[in-house]
Every structure is written in C-alpha cells, then in structure tokens.
Amino acid sequence: MRITSKGQVTIPAEIREQAGLLPHTEVEFAFDGKVVRITPATSGKKATRGARLVAHLRGRGDVAMSTDEIMALTREG
C-alpha cells in the first residue's frame with residue numbers, strides 16, 4: 001500500500017470495520033517513535049446530524065395535546 005502525494009492512504013474495509021471507523025469518524029494519530037496509531041477521537045466529538053436536529057427542535061412544539069392524546073391518534077384507523 002502506498003501513501004499518495006497528498007499524504008493519504010486507504011484503510012482496508014476489514015480493519016475499518018473492526019476498529020469502528022465509520023465514514024466521517026473523527027480520528028487521532030499517535031506516534032511513539034516506531035509505530036503510528038490511529039484511533040477514534042475521544043475529545044471534541046461533534047454532535048451527530050440527528051442530535052443537532054433534535055436539539056434544534058426541542059421545545060419548539062406548539063401542539064396543545066398530551067403525549068397520550070397524540071399516541072391515541074396514531075392508533076386510530
């Protein structure tokens with residue numbers, strides 16, 4: 001495997017899966033003088049798109065119905 005002129009390398013799919021490195025995963029590199037390690041980033045994790053959407057919508061509802069009333073509507077029909 002070669003490193004491109006831009007410093008890029010493809011991590012084999014099997015290794016990515018075993019390490020839990022999904023697309024858009026933030027990673028950290030560590031070098032101990034002999035070995036380079038790549039791990040999922042532990043600090044400064046960004047909220048997922050779904051988490052950001054939920055945070056944005058939280059408290060914005062204006063329906064004057066209880067949860068039980070809404071659930072009853074979904075069960076009708």
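Every read-out reported here was derived from the displayed coordinates using simple, explicitly stated rules and does not represent laboratory data. Computed from a prediction, not measured in an experiment: that's the story for all the values here. All Cβ positions, glycine included, derive from the backbone under ideal geometry; neighbour counts span all protein chains shown.
Data for the structure
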quantity: Inter-probe distance in nm under a simple model that places probes 7 Å from Cα toward Cβ, at Glu14 and Arg49; calculated: 3.1 nm
quantity: In sequence order, calculated HN-Hα J values of the stretch 11-23 (Karplus, 6.51, -1.76, 1.60; Hz; x Gly/Pro); calculated: 7, x, 3, 4, 5, 4, 5, 4, 8, x, 8, 7, x
quantity: Over the chain: helical MRE at 222 nm, DSSP H runs n ≥ 4 each giving -39500 (n - 2.57), nearest 500; calculated: -9000 deg cm²/dmol
quantity: Residues Thr42 and Leu22, FRET efficiency given R0 of 22 Å [Cβ-Cβ distance, rounded to 0.05]; calculated: 0.90
